[in-house]
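Every read-out reported here was derived from the displayed coordinates using simple, explicitly stated rules and does not represent laboratory data. Here the structure is a predicted model, which means the values were calculated and not measured. Cβ placement follows ideal geometry from the backbone for every residue including glycine, while neighbour counts extend to all protein chains displayed.
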Amino acid sequence: MTLRVGLFGGTFDPVHFGHLRAAEELAIHLKLTEILFIPAALHPHKMINGPIDFKHRLAMLKLAISDRPGFSVTDIEASLPKPSYTVNTVAALKKTIKGDLIFLVGYDSFRHIQKWTHYRELLALTPTAVFRRPGTAGGLTALQTVLVKALEETPVWDDKLGAFQLKNSQPIHYYEGCQLSISSTDLRARLAAGDSVRYLLPEKVRAYLVRRSLYSPQQLRS
Ligand code: ATP
């Protein structure tokens, strides 16, 4: 059987059920055999007031997916040149993973694709699946407008494939279904205020961050 591997990048500061449920739904929708979570070592767009230490975000991700066969985590961005641009990460993974890769990204990030370093090369490397995060803008027409601006061509929607076909890029899938309106920003604010985050993220992750007082006022960097 050919592996179909979804690449789910993000800051995961911290990982929560919104990320995990989105991954689960995308795995089903795109018939993925595996999802590889890729915590950003240093997010090029988030260098001011940066995320907590990579080792903690990596450890929390490992705990979060430990009981889900087919989900795994890579620390590849720790060893790649900084800042870690997605195009470099995907290119490096493409060399090592045997199987079909699909890059997974929320529309809230993808709509700024033109600001990403070497985005054309990134979109030509693997198919992409853009998904809508609850409570945020999105929709097929909005995605089409982003693609027209970024790639200077009119994408053609292929209903059978569930994706836009383009000359200058691999297919761009679109998925609307994510329902859990949870955000890392909100979780960090709750933790800083000493509020409960129970049932918003896996209990093992909650225990990990509470035990170490991560995101408590003394630990926050801004
Ligand atoms: P925040 O959660 O604070 O907005 P973020 O969006 O930067 O932070 P990341 O950890 O970088 O969070 O997110 C990784 C990916 O997961 C992004 O593509 C984002 O769109 C998606 N995502 C985050 N939260 C959800 C959610 N609740 N439902 C669906 N997708 C989500």
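Using +1 on the beta carbon of Lys and Arg, -1 on that of Asp and Glu, and nothing else charged, what's the dipole of the range 47-112 about the Cα centre, debye to 20?
Result for the range 47-112 is approximately 140 debye, rounded to the nearest 20.
Can you give the calculated 222 nm mean residue ellipticity of the chain, where each DSSP H run of n ≥ 4 adds -39,500 (n - 2.57) and the sum is split over every residue, rounded to the nearest 500 deg cm²/dmol?
-10500 deg cm²/dmol
Which GluC sites (Glu not before Pro) in the range 135-222 pass both tests, a DSSP loop state and at most 10 other beta-carbon atoms within 10 Å?
For GluC sites (Glu not before Pro) across the range 135-222 that sit outside H, G, I, E and B with at most 10 neighbouring Cβ atoms in 10 Å, the list reads Glu152.
Cα convex hull of the chain: mean projected area in nm², to one decimal?
Mean projected area of the Cα convex hull: 12.1 nm².
List the trypsin sites (Lys or Arg not before Pro) within the range 65-161 that fall in a DSSP loop (any state other than H, G, I, E or B) and whose Cβ has at most 10 other Cβ atoms within 10 Å.
Lys98, Lys160
Kindly express, to the nearest 10 degrees and within the range 0 to 90, the angle between helix 86-96's C-alpha long axis and the longest C-alpha principal axis of the chain.
80
How far is helix 140-151 tilted, in degrees, relative to the longest principal axis of the Cα atoms in the chain, given as a value from 0 to 90 rounded to the nearest 10?
So the inclination is approximately 80 degrees.
What ratio of Cα Rg to 2.2 N^0.38 Å holds for the range 1-130? Let's see the in-between values first.
Numbers: Rg = 13.8 Å, N = 130, 2.2 N^0.38 = 14.0 Å.
Expressed relative to 2.2 N^0.38 Å, the Cα Rg reads 0.98.
Calculate how steeply helix 54-65 sits against the longest principal axis of the alpha-carbon atoms of the chain, using the helix alpha-carbon long axis, and give the answer as 0 to 90 degrees to the nearest 10.
Tilt of helix 54-65: around 80 degrees.
Evaluate E = 1/(1 + (r/R0)^6) for Ser196 and His29, where r is the Cβ-Cβ distance and R0 equals 22 Å; express this FRET efficiency to the nearest 0.05.
Numbers: r = 32 Å, r/R0 = 1.44.
With a Förster radius of 22 Å, E is 0.10.
Can you pull out the chymotrypsin sites (Phe, Trp or Tyr not before Pro) in the range 153-222 whose DSSP state is coil and whose Cβ has at most 11 other Cβ atoms within 10 Å?
Numbers: sites: Trp157, Phe164, Tyr174, Tyr175, Tyr199, Tyr208, Tyr215; in loops: Tyr199, Tyr215.
Qualifying residues, ordered by number: Tyr199.
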